[in-house]
1. Got the relative contact order for chain B handy, in percent, Cα pairs under 8 Å and 6 or more residues apart?
2. Within a Cβ distance under 13 Å of A:L147, other residues only, what is the Lys/Arg minus Asp/Glu net charge?
3. Compute the distance in nm between two label points, each set 7 Å from the Cα along the Cα-to-Cβ direction, one at A:T206 and one at B:E106.
4. Which one of B:S77, B:S201, B:S105 has the biggest mean-square fluctuation once chain B is modelled by GNM with Cα springs under 10 Å?
5. Label points 7 Å out from Cα along the Cβ direction at B:T5 and A:I128: separation in nm?
6. Taking 35 Å as R0, compute the FRET efficiency from the Cβ-Cβ separation of B:R29 and B:E174 and round it to 0.05.
7. Between B:T59 and B:R145, how many nm apart are label points set 7 Å from Cα along the C-beta direction?
8. Hey, got the dipole for the protein assembly as shown? About the Cα centre, +1 on K and R Cβ, -1 on D and E Cβ, debye to the nearest 20?
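Every read-out reported here was derived from the displayed coordinates using simple, explicitly stated rules and does not represent laboratory data. Owing to the predicted nature of the structure, the values given are computational and were not obtained by experimental measurement. We place every Cβ from the backbone using ideal geometry, glycine too, and count neighbours over all the protein chains shown.
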There are 2 protein chains.
Amino acid sequence: MSTDTTRSAILTAAERLYAERGFGDVTLRDIVAAAGVNLAAVNYHFGSKDELIAELFVTRSIATNRERFNELKAAESAGGGRAPIEAVLRALIGPTLRGCLGQDSERSDAARFMIRAAIETIPPIRKIKNREIDHLRKFAAAMRRSLPGKPDAEIYWGLHFALAMAQQTVRDSERLLRLSEGICDLDDVDGVIDRVVAVASLALKTGTTGTGEAAVSRRR
Amino acid sequence: MSTDTTRSAILTAAERLYAERGFGDVTLRDIVAAAGVNLAAVNYHFGSKDELIAELFVTRSIATNRERFNELKAAESAGGGRAPIEAVLRALIGPTLRGCLGQDSERSDAARFMIRAAIETIPPIRKIKNREIDHLRKFAAAMRRSLPGKPDAEIYWGLHFALAMAQQTVRDSERLLRLSEGICDLDDVDGVIDRVVAVASLALKTGTTGTGEAAVSRRR
DNA sequence: GATAGTTTCATACAGCTGTTTGAATTGCAA
DNA sequence: TTGCAATTCAAACAGCTGTATGAAACTATC
């Protein structure tokens, strides 16, 4: 059916271009040129540019969340309902990092698109973003199971920092590469994931409530 | 002198609008309306929109770097040329976090503008960004002095993660607030700085070379 | 107070944006 | 084949964008 090839050609091209150049720099004419279809096809199949972006975002959002969630449940059921904190964090950041830093170009486009969407907040996406909060809450709950007794604030900060390190690694990998003159190996995806998980879990296991050396050094 | 008030009115309004809504959503007409000046004034005083953005970015970039550098040198000279790693990290992330999370609206606009500029890479800014690498290299050198014997890769990863946590905290403070339902206190700027410094320095002091529990748990 | 230089202003311009239109083409059932 | 719906297409649309223009208003010097 030719409908579907046009539709999916638009989706694929749009995702790739948005991933590469961001939302601001890509026009509908760029997309249809890359997809090899007529300009009017976008409005015919999606209604508007915003609805195209929204469909892209919703689809990928659901896929990423499912991937994360499957990893989490696998880890938890392997441990009898409670996974080590490292496994929970790995389920949270693994899918995105594997997608962005890995070699598979389709996965890479998808992951980079999501990173863009997470940063450059544009109207069609802003509305959908609320769901992500609920999704992250499930991970906070899993982390609470991994670290019983840990104050909630610590859990949230740990989750926040883990996502921060993973996202920044994807977004600004070029700066890290140039700064380190290639010493930091970003092609070793599992190594990068290990690093982020290690730092985040270390922070979560240790108390970081501002009574540590950092706060002390601040107070002279 | 009326020249300067128009010029600076444009700069102030532009910085605020860019900080609030990002580069994609703000037009010259928005800026001149907010500044209360004529449309043609932008091209008269700055030559073009891109040059306005570039001036904004260069000015703030120099100011931020100087602020960071002064803090670093103060800490190092207090310790006889070698500062504790916590102080180095604090000098790196303190200025931005204080600017963004603090109450001073002018500083806040400046800091948020810089965060936007760091993310939404647009042509006029991309060219200037190379200087930042050199600036960060100075901090890497200071970190090396703080932690003699630490492998360079660890230094760069630590620097990268510290910036990641600070920037994400600014960029997505709303998500963290909603996720934690207000439990995480972002108004306590020094507390936030302490947290980031604590996690980053903890990671740097401990070995995170992928031989830790995270990597082990991955390998089952 | 006339003059020269600077700054402001309303207005126009060309280019690009997302969207619409109506005709042409295609695919498929009767 | 005929008829009908779905899809594609070239062309045009109105709106907004950054920029340019030339006249008007201002400022300061003589």
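1. 21 percent
2. +2
3. So the two model labels end up 3.9 nm from each other.
4. B:S77
5. The answer from the label model is 4.9 nm.
6. 0.80
7. Taking the simple label geometry, B:T59 and B:R145 are separated by 3.2 nm.
8. Magnitude of the dipole: close to 660 debye.
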